[in-house]
Amino acid sequence: MKAARSLLHALTATAATGLLVLGGMTAPAHAVTAARTVSVSPGCGTPAPQTPGTSVLNSLTSQGTTRTYQLHLPSGYTSQQSWPVVLAFHGRGGTGAEMEGFSELSTLPAIVVYPNGVIGTGGGNRQAWQGAPYAASGVDDVTFTATLLNTLENNLCVDQRRVYATGKSNGGGFTGLLACRMADRIAAIAPVAGAFYLGTRDNCSPTRAVSVIDFHGTNDGTIPYGGDTDRDLPDIQSWVFEWVVRNDCARRASYQSVSPDIAISLWGNCTEDAEVEHVAIDGGGHTWPGAQAESGGSGTTTQTIKAHEVLWDFLLRHQLPS
């Protein structure tokens, strides 16, 4: 309940003023940091590969294929202190650069990485992620993500206990697959309008409890809130509750309508101090909450909250065990 009150306060404050009040100190919601224990990476102490505050397209080789990713370093980046990492996965047909443009994730005090998928099946030469029926055959994006993390940790000063994954639509669904298969490296996930195809949730046996905050609009016409049996898409509340069960949380959620269009459900008392949270946007479409630009979907975009601020407040409460 304490965590629920904290989040509800954060949402209310953000919606009203864009500020969070924590411990009697007022700061911008996206600039709040938390006391933490860290596990530093081999890249600590090495020169920054690019100017702090900039975003640069990089490449690496995974499974013999050249893969690309947009890397953003926070303006205050220094290799003398470790930084959390946010992996941000675009939706089908999107790009990392587009994801950066509408999500505002690069305003966070973190290293933010926007990987690019591989062109999948179907028309339009659209990039996609593993687990979806239209993903490129034989491409292992979980392995690519592990290789990407290795590269980041070797070249940057990363807090290895605070690596998080978020994504929109197909990219949001892929974060679920990462939670299932890379729980030893991903501390928590934050899917937005997630496309949780069977390939992202089948045989899911994470090695530890993984905290989850999920955002979904009730009027999402692309990935319906109530599910789509023809595409093996679950109803969103059932998908969320699967994580409640996996994490052995208390089965009763704390619930609050923060505003006319935002309803929060939070399950606590989970194994390993995990939490599961669901943010339902009443009337929301297949969009990124708070986005000021096109976010790759149709329908209403709420301005009551900003997804990047709310998910950051949640993610900072969670880290990998020592």
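The values are calculated or read from the model by the stated rules, or taken from the named source; none is laboratory data. If you're wondering where the values come from, they're calculated on a predicted model, not measured in any experiment. Note: ideal-geometry Cβ built from the backbone for every residue, glycine included; neighbour counts use all protein chains shown. Ligands, DNA and RNA are excluded from the accessible area calculation, which covers all protein heavy atoms including side chains. Shrake-Rupley method; radii C 1.70, N 1.55, O 1.52, S 1.80 Å.
See the values below:
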quantity	calculated
Cα-centred dipole magnitude for the chain, charges only on beta-carbon of K, R (+1) and D, E (-1), debye, nearest 20	520
Ranking by accessible area, most exposed first, for D273, D232, D184 with a 1.4 Å probe	D273, D184, D232
Extension gain, N125 back to T300 (0.36 nm per residue minus Cα-Cα distance, nm)	60.3 nm
Heavy atoms of D214: accessible area, 1.4 Å probe, square angstrom to 10	0
Which of T145, T301, T207 is most accessible, then next, and so on - probe 1.4 Å	T207, T301, T145
Stretchable slack from D202 to S238, in nm (0.36 nm times residue separation minus alpha-carbon distance)	11.6 nm
Carbon + sulfur, % of accessible area of the chain - ligands and nucleic acids excluded, 1.4 Å	50
Most mobile listed residue (G94, G221, G64) in the chain, GNM with C-alpha springs under 10 Å	G64
Calculated Kirkwood radius over Cα pairs in Å (choose from (i) 21.6; (ii) 19.4; (iii) 22.9), label	(ii)
Sequence ranges 165-172, 47-54, ranked by mean other-Cβ count within 10 angstrom, highest first	165-172, 47-54
Residue-wise HN-Hα coupling along the stretch 44-57, computed from phi with Karplus coefficients 6.51, -1.76, 1.60 (Hz; x: Gly, Pro)	5, x, 8, x, 5, x, 7, 5, x, x, 10, 10, 9, 7
Farthest toward positive dipole pole in the stretch 154-229 [+1 Lys/Arg, -1 Asp/Glu at C-beta], among A187, Q160, T222	Q160
Karplus-derived HN-Hα couplings along the stretch 148-163 (A = 6.51, B = -1.76, C = 1.60, θ = phi - 60°), whole Hz, x at Gly and Pro	4, 4, 4, 5, 4, 5, 7, 10, 10, 8, 10, 7, 5, 8, 10, 10
Solvent exposure of the stretch 26-159 as accessible area per residue, Å², 1.4 Å probe	40
Gained length - R231 relative to S257, 0.36 nm times residue gap less alpha-carbon distance	6.3 nm
Relative contact order, percent, the chain [alpha-carbon distance under 8 Å, six or more residues apart]	17
C-alpha center-to-center spacing [the stretch 189-255, the stretch 56-88] in angstrom	27
5 angstrom amide H check on G167, placed H, neighbours 5+ away	F89, A190, V192
In Å², nearest 10: area of C157 left accessible to a 1.4 Å probe	0
The stretch 279-322 - accessible surface per residue (Å², probe 1.4 Å)	34
